[in-house]
Each structure stands twice: as structure tokens, then as C-alpha cells.
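A quick write-up on the structure given underneath.
Throughout, read-outs are computed from the coordinates displayed, never taken from laboratory work. In this text the structure is predicted, and so the values were computed from the model without any measurement. Cβ placement follows ideal geometry from the backbone for every residue including glycine, while neighbour counts extend to all protein chains displayed.
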Amino acid sequence: MDNEEVIKLDPELKALLAKVEAILFTMGEAVEINRIAEAVGHDEDTVRNCVRALSDRYKDESFGVQIIELDGSFQMCTKPELYETIVRIAKVPKKHVLTDVLLETLSIVAYKQPITKAEIEVIRGVNSDHSVNKLLEYGLIEEVGRKNAPGKPCLFGTSEEFLRHFGISSIDELPTITPEKMAEFKSEAEDEMQLKLDI
């Protein structure tokens, strides 16, 4: 009976197998056997048997990963024959999803720039750390300077990527928001807020 069959028959060892697998998957680098043993609270021989059972399982061609041994340490990694596939996916640009919250924050920056995060939060009425950080990560906004105020807060503005993304050559091409349109937006926002409160 091989290592994996023994582990399948023992619920405790089955749970241990999951822990060892989780450690190797999460770490993404070579982990010493003694560190794994200490983390799961078992002796090194038992942990080594778990690693070998996992390694045997991953030899099946239906798995894309393998476990390799490096001088007494173990690492989970991609099988060499799949490197080309990984390279192809890495070259595919990540599609950024602009949620309503991100679009709202981006609109404020676009029309009020340069603007600080605190000023964005005054307009939105909520903390905007996440949305500002996401827009910076997506490259749609950027730091354009510092405000001459206590703490010298960062000023944000739209970027060239913003122009490319929305197909305009300048922020001057942004649609003009008339007082009537602003009143309409405000009414829609209030209706939406009331709907959320009713729910």
C-alpha cells in the first residue's frame, strides 16, 4: 500500500495532508521539512510521507503542478512542460473592472482635478482609500503634486491612460455637466440611497 492510500484511510493523516499542501501552495518557495513539521505539529518523518504522497498524486498528467525537493526542502511549482502556457497567460493584459464606486471616484477626479483624497471623501461622503488606490493601480489617475496645506496632501489628476481608456485626447473633451444635469444626478443618487435604506 503506497503513502497516499495509507493517508486516505486515516482521517487525521488526511487532514495533515491538506495542511502540508496548503503550506507548500501558499509559500510558493522551498520550505524546509522541519519548518513544515513545526507548523503542523507532527514529526518530520510523518510530514515527509505526506509530501511524498502529494508528490505521487501530482505525477498524474491531470495535474499541472509538481513538488520538487531542494536540499532537504520542498517546493510546489509548475511542471516544466507547462511553462509555455504560463508565459502566454502572463502576456495577456489584465482587464480592469471599473465598478460603480470606482467610476464615481474617477468622475470626481476628472472633473475636480487636481484634488486631494480628503476632498474626494467630502464629495462622496465615505472613505475613499480603496477606490483611490485601485485607480492608481490601474493607472487611470496619478499624483500631480502636493497641496499647499497642513500635511502637504497629495493632489490627484487623471493620467494619459485615462485619456486612452476613454478615447479622448484631452480632459477638455469631457462632457460638460450643466446645473440641470447635476440636479438630475443628485436626484438619481438620492433615489438610489432611499432604495437601499428601504431594503
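Numerical summary
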item	result
Amide H within-cut-off set for residue 31, under 5 Å, with H built and near neighbours excluded	74, 75
In nm, spacing of pseudo-spin labels at residue 10 and residue 22 (7 Å Cα→C-beta vector)	2.0
Efficiency of FRET from Cβ geometry, residue 86 and residue 152, R₀ 41 Å, rounded to 0.05	0.40
Above-threshold pairs, the threshold being 21 Å between Cα atoms, out of 112/147; 19/134; 19/91	19/134; 19/91
Label zone at residue 77 (point 7 Å along Cα-to-Cβ), backbone N below 16 Å, region 9-29	24-29
Dipole in debye (nearest 20) - region 3-89, about Cα centre, beta carbon charges: Lys, Arg +1; Asp, Glu -1	280
Alpha carbon centroid spacing (whole Å) that separates region 75-90 from region 98-145	37
For peptides 75-87, 127-139, sequence by mean Cβ density within 10 Å, most packed first	127-139, 75-87
Residues with amide H under 5 Å from that of residue 156, placed H, sequence gap 5 or more	115, 116, 144
Shape box of region 3-89 [Cα atoms, principal axes, largest first, Å]	40, 25, 19
Amide H contacts under 5 Å for residue 65, placed H, 5+ residues apart	79
Positive minus negative residues near residue 163 (Lys, Arg vs Asp, Glu; Cβ under 13 Å)	-4
